[in-house]
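For reference, the structure discussed in these notes is given below.
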Amino acid sequence: MDKRILGNGLEVSAMGLGCMGLSFGLGPATGREEAIQVIRRAVWRGVTFFDTAEGYGPYTNEELVGAALQPLRDQVVIGTKFGFDINDQGETVGLNSRPAHIRAVVHASLRRLRTDHIDLLYQHRVDPAVPIEDVAGTVRDLIAEGKVRHFGLSEASVRTIRRAHAVQPVTAIQDHYSLWMREPEQTKFALCEELGIGLVAWGPLGQGFLTGKITRGMRFDDPADLRRDFPRFTPQALAANFKLVDFLSGMAVRKGASPARIALAWLLAQKPWIVPIPGATRLEHLDDNLPAAELALSASDLREIDQAFAAIDIQGAPLSAGLDAAIDR
Ligand SMILES: NC(=O)c1ccc[n+]([C@@H]2O[C@H](COP(=O)([O-])OP(=O)(O)OC[C@H]3O[C@@H](n4cnc5c(N)ncnc54)[C@H](OP(=O)(O)O)[C@@H]3O)[C@@H](O)[C@H]2O)c1
């Protein structure tokens, strides 16, 4: 698979693998052996970039990624995240980016990931109680100690990114970005260009919607599935938003691809420093997605996609109000 450079010379495969859904967030966790197989198959197929977080599970996703990648550690780049306050019952009860907490999380993450360094360490959400300079300074120290290689921020505002970058250069931001979530184009692209920061796109398949595999009658009522609370996934919104899938499916037939591949190829075509991290818990989904790195869309294809999406009035907010409120704008 082709490689891309995020910021600060960090080279990764053009597409990464989002590992969250293997343990958390999109329904029941995948069986351990099956999950390990998915991660290792991704490496075998050329993926070198893996995304996890302390908060996924919590903890179980990092443990899984660590077990799967331990024998392949020198071939891969692992990104993980700190920033939540997690109580003894494993419930996320708030944010916590205090320096001592960051250090404690990093030590625990290193243990779970079975490694002596984290390639890319992100703050998962900005903590308004802790100046970002203190966060960036702590990560800078962890980099100096060799425990961390690169610094990232997820869903941080331009102002926060600038302030952090002045203390410790930011390699990548990780934002929600896909065909049906275009906010970073307006808010972050210019900054990424200016500062030479990469954009890791989470939710690149619209949490599965843009693949066309979510059918018209599907209901999201599993408490383990975050989409249960996403206004875009109510039956009414889904019904209205199917126009997007109908368009992608039509184009996929013409291109001999799949809707997921079109959605990912479109993302890759936006900027050379964008790296999507689609989640997949099934081998056939992984196999379906990876060829998107080789699918070249022409300028007229890209125009057609943009025009089709602009003409559709997408229904429902992308995230629940609670998750949206944690985004630093
Ligand atoms: N920074 C943040 O705040 C943040 C937030 C959320 C997620 N993330 C990261 O971003 C990654 C990706 O985001 P995401 O998982 O929320 O959403 P996503 O990648 O847009 O969608 C994942 C969903 O798409 C389905 N899927 C994938 N490929 C498919 C295909 N070819 N055909 C049909 N269905 C397909 C998966 O199904 P199967 O599971 O059945 O394969 C899964 O349900 C996560 O794994 C996580 O690492 C970061």
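Couple of notes before you dig in:
- Residue match in region 257-268 (condition: in contact (Cβ under 8 Å) with a residue 12 or more places away in the chain and of a type in the set (D, E, K, R)): yes
- Every residue from region 267-290 that is near the ligand (Cβ under 10 Å from one of its atoms) and of a type outside the set (A, V, I, L, M): Pro276, Pro278, Gly279, Thr281, Arg282, Glu284, His285, Asp287, Asp288, Asn289
- Residue ID - nearest to the ligand (Cβ to nearest atom), chosen from residues in region 1-57 that are assigned to a helix (DSSP H, G or I) and among the small types (Gly, Ala, Ser): Gly21
- When Gln307 is tested against the conditions (1) within 17 Å of Tyr177 (Cβ to Cβ); (2) in a helix (DSSP H, G or I), the lone failure is (1).
- Filtered by the rule that a residue be polar (S, T, N, Q), touching a residue at least 24 places away in the same chain (Cβ under 8 Å) and surrounded by fewer than 21 Cβ atoms within 10 Å (Cβ to Cβ), region 176-206 gives a lone residue, Thr187.
- Selection of first residues in region 109-120 that are part of a helix (DSSP H, G or I) and of second residues that are charged (D, E, K, R) and crowded, with 24+ Cβ neighbours inside 10 Å, restricted to Cβ pairs under 8 Å at least 6 apart or on distinct chains, gives the following pairs, ordered by first then second residue: Ser109/Glu62; Arg112/Glu62; Leu113/Glu62.
- Considering Pro291, Pro276, the condition of being crowded, with 21+ Cβ neighbours inside 10 Å and within 20 Å of Gly208 (Cα to Cα) is satisfied by Pro276 alone.
- Region 254-273, residues that are among the charged types (D, E, K, R) and either in a helix (DSSP H, G or I) or surrounded by 21 or more Cβ atoms within 10 Å (Cβ to Cβ) (or both): Arg254, Lys255, Arg261
- Residues (under 30 Å from Asp141 (Cα atoms), under 17 Å from the mean Cα position of the chain (by Cα) and in a helix (DSSP H, G or I)) located in region 164-214: Pro184, Phe189, Cys192
Every read-out reported here was derived from the displayed coordinates using simple, explicitly stated rules and does not represent laboratory data. No experiment lies behind these values; they were computed from the predicted model shown. Glycine gets a Cβ as well: all are built from the backbone with ideal geometry, and neighbour counts include every protein chain shown.
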